[in-house]
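Colleague: For reference, the structure I am asking about is given below.
The values are calculated or read from the model by the stated rules, or taken from the named source; none is laboratory data. Just so you know, these numbers come straight off a predicted model, no measurement behind them. Positions of Cβ are generated from backbone atoms using ideal geometry, with glycine treated the same way; all protein chains shown enter the neighbour counts. Quick note on the areas: whole protein, heavy atoms, side chains included, nothing else; ligands and nucleic acids left out. Shrake-Rupley method; radii C 1.70, N 1.55, O 1.52, S 1.80 Å.
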Amino acid sequence: MIERRQAAFLQEMGIGPVWRRRDVAPAAPPAFDDAEEAPAPASSISEIAPAAPLAGEPAHADVASMDWEQLKAAVAPCTKCGLCNTRTQTVFGVGDQQARWLFVGEGPGRSEDAQGLPFVGPAGKLLDNMMAAMGLKRGVDTYIANIVKCRPTDANRRDRPPAPEEANACMPYLQRQIELIDPAVIIALGKTAALSLLQLDPATPVSKLRGTVHRYAQRPLVVTYHPAYLLRTPGDKRKAWADLCLAMQTRDAAGK
Ligand code: SF4
């Protein structure tokens, strides 16, 4: 039975009445008018994700052999892409270095750039609540990272998604973090994170990303909405909870 504390966090996510975790896949959410946002039927393994990670990214043998301290030391002064010119500081990632759960967003925003930590501010608070609803806690068996480690901004200094070349330049760092962590499940937060990790066509609709267990370097990967999107679109929190249920079932099945 779901715990009272967990129920409170589900309420905090804006989900009510409380959904109880079950041993079977959650029922498919209702149909939606917007075909782009319509969820895909749940299936065991993605048919669209390539098995090999980071296709198109050249080998970075130096990064691939680094330990945590070497990796942090390499990221902090990095100038491999243009985002180095506008950052305040790099945002490496935070959490348990042996976590079973890895959450990946697209990139730091203004607050993250200022504090040097991923997912702070309102979106970070919602992510914390999403983790709490799963019985998880930031920093305990969880790790949080982004596709790029420097804040992407437009000409008006507003946050924007990373460009493909920026994501490709930064990906070896995240790839090495994933190898070092060796998580049981990766949760991609938002379309940009999912497409970057899975190396899919940018035109791939969200409907082909959610509700499916993808693979990244032989590890299961589940896609859900970015918390910032959920703050703007609270009606989709129920669908996000269905994604998190799929992720929990996937971890249980992995037995890790
Ligand atoms: Fe380096 Fe990544 Fe920052 Fe680009 S985004 S400068 S690759 S750390």
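Colleague: How much net charge surrounds TRP68 when only the other residues with a Cβ under 14 Å from the Cβ of TRP68 are counted, with Lys and Arg +1 and Asp and Glu -1?
Modeller: -3
Colleague: OK, next. Taking each pair of distinct Cα atoms in the stretch 134-256 once, what is the resulting Kirkwood hydrodynamic radius in Å?
Modeller: Radius from the Kirkwood sum: 15.4 Å.
Colleague: Regarding the stretch 45-254, what is the average projected area of its C-alpha convex hull, in nm²?
Modeller: Approximately 10.8 nm², given one-decimal rounding.
Colleague: Quote the FRET efficiency, to the nearest 0.05, computed for CYS78 versus SER111 with a Förster distance R0 of 30 Å and r equal to the Cβ-Cβ distance.
Modeller: Step by step, r from the Cβ atoms, then E = 0.90.
Colleague: Could I ask something else about it? So what is the relative contact order of the stretch 113-210, in percent, for Cα pairs below 8 Å that sit 6 or more residues apart?
Modeller: Averaging sequence separation for qualifying contacts and normalising by length gives 20 percent for the stretch 113-210.
Colleague: Can you work out the Karplus-derived ³J(HN,Hα) for every residue in the stretch 160-171? Use 6.51 cos²θ - 1.76 cosθ + 1.60 with θ = phi - 60°, whole Hz, and x for glycine or proline.
Modeller: Once θ is set to phi - 60°, the couplings for the stretch 160-171 become 9, x, x, 6, x, 5, 6, 4, 5, 5, 8, 4 Hz.
Colleague: Compute the distance in nm between two label points, each set 7 Å from the Cα along the Cα-to-Cβ direction, one at TYR229 and one at ASP62.
Modeller: 3.6
Colleague: Between beta-carbons, use under 14 Å as the cut-off and find the net charge around GLY109, counting Lys and Arg +1, Asp and Glu -1.
Modeller: Neighbourhood net charge equals +4.
Colleague: Once you've got the Cα coordinates, tell me which of LYS191/LYS237; LYS137/LYS237; LYS72/LYS125; LYS72/LYS149 are over 21 Å apart.
Modeller: LYS72/LYS125
Colleague: Could you order peptides 97-109, 145-157, 230-242 by the average number of other Cβ atoms within 10 Å of their residues, highest first?
Modeller: The packing order, highest mean first, is 97-109, 145-157, 230-242.
Colleague: Let me ask you something else. Given a 1.4 Å probe, how much area per residue of the stretch 150-205 is accessible, in Å²?
Modeller: 36
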